[in-house]
Amino acid sequence: MSSIPIIDSHIHLFDATRPLGAEYMGSPEYRAKTKTSLPSTYAPLARPAGIVGALVVESSSWIDENLWYLEVCRADPFMVGVCGNLDPNRPDFGRYVEHFAKDPLYRAIRARTSRFYNEDGRAVALKPDCVANLKLLAQADLVLDTANPSMPLMQANVMLAGAIPELRIIMDHLPSFDPTPDNDAAYDSVVKAMAAHPNIFVKLSEVYHPRLTDNVIVRDYELLRGRLEYLYGIFGEDRVIFGSDYPNSYGIATIAEEVGLMKQFFSTKTREQAEKFFWRNSARVYKWTVRTPEQPKLT
């Protein structure tokens, strides 16, 4: 297990020392420590845990940041891909998709603040213009990350997966959603509905997280294992992906703790299953670029 190379599919990069600053700067504990998160500071922390490469996931609504992500990642071969930010509500979305898809490092966008659905009470409906635009994303062979998990977003993911079955959709941080007695049945139903669509994948990230009800971070492995087994059992070994969420996870768990937790979980499974989680599934879904000899390659 220790020899399995790991690709971290979810880290955030920023540099608030630039003249334009940064829209996001990690967890409160991280912001108190520094104003930057760069590959040169992340890699030395990640390598001892067995991580050999990473993808940056957008953390800013500024469209110029797409260029900055690409420039920073191009300069450091530790970075294997970029999940940028393009708003599918924009009429010029297709032009930007065509432009950025030309760069082999640009592998995905994330829908975070720019919703592709409308919510009216408990009713969720896809925005037709967004669906048309996201079809262009699928045609460009790019991925859609979605965050953060909520009942409306998960319902919208189910609808979008049916509307565009060729679009690869990733539900980020699914373990961070804590169902309550009031919505537990609905949560179970929508998770199973997502799993019924083979083009929906999940990141088993933010397993360590403050509970919404009391802000307590659960560290009891058996409780965490129960959540992980539930999700793993529903989605299966081919649709789960590793991500540390660094430095949003700073102050909650170290990179080594994030990796150690998931290695403990996969210690009862086969090496092939662990490899799928730690790098093979992300390679297949994102189609990220191998840039160093230590980074694994699908054969």
Ordering 10, 197 by the accessible surface of their heavy atoms, 1.4 Å probe, largest first, yields 197, 10
Sites residue 92 and residue 34, calculated FRET efficiency, Cβ-Cβ separation with R0 30 Å, nearest 0.05: 0.30
Convex hull volume per residue in cubic angstrom - Cα atoms of the range 164-210: 71 Å³
When the C-alpha atoms of the range 67-172 are aligned to their principal axes, what extent does each axis show, in angstrom, from largest down? 46, 25, 21
Only helices counted: for the chain, with every DSSP H run of 4 or more residues adding -39500 (n - 2.57) and the sum spread over all residues, [θ] at 222 nm is -10000 deg cm²/dmol
Considering only the chain, what is the antiparallel percent among its DSSP beta bridges, to the nearest 5? 25 percent
For the range 163-299, report the convex hull volume of the alpha-carbon atoms normalised per residue, in Å³, without decimals. 133 Å³
What translational diffusion coefficient, in µm²/s and rounded to a whole number, does the Stokes-Einstein relation yield for the range 1-116 at 20 °C and a viscosity of 1.002 mPa s, taking the hydrodynamic radius as the Kirkwood radius over Cα pairs? 143 µm²/s
If I model a spin label at residue 120 and residue 269 as a point 7 Å from the Cα along the Cα→Cβ vector, what separation in nanometres do I get? 4.1 nm
So if R0 is 22 Å, what FRET efficiency would residue 150 and residue 214 give, r being the distance between their Cβ atoms, rounded to the nearest 0.05? 0.70
Report Rg(Cα)/(2.2 N^0.38 Å) for the chain, keeping two decimals. 0.94
Averaged per residue, the 1.4 Å probe accessible area of the chain, protein heavy atoms only, in Å², is roughly 42 Å²
As straight-line cross-link partners of residue 192, the qualifying lysines (C-alpha separation under 27 Å, not fewer than 8 residues apart within one chain) are 127, 135, 203, 263, 269, 276, 287
Taking 8 Å as the Cα distance limit and 6 or more residues as the minimum spacing, I'd like the relative contact order of the range 236-290 as a percentage. 53 percent
For residue 10, other-chain or 5+-apart residues with amide H closer than 5 Å (H placed, Pro excluded) are 55, 244, 245
Please give the solvent-accessible surface of residue 68 in Å², to the nearest 10, using a probe radius of 1.4 Å with every protein chain present. 30 Å²
Determine the relative contact order of the chain: mean sequence separation of Cα pairs under 8 Å and six or more apart, normalised by residue count, in whole percent. 22 percent
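The values are calculated or read from the model by the stated rules, or taken from the named source; none is laboratory data. A quick note: this is a predicted structure, and the numbers were derived from the prediction, not measured. So basically every Cβ, Gly included, is an ideal-geometry build from the backbone, and we count neighbours across all protein chains shown. In case anyone asks, the SASA skips ligands and DNA or RNA and just uses the protein heavy atoms, side chains included. Shrake-Rupley method; radii C 1.70, N 1.55, O 1.52, S 1.80 Å.
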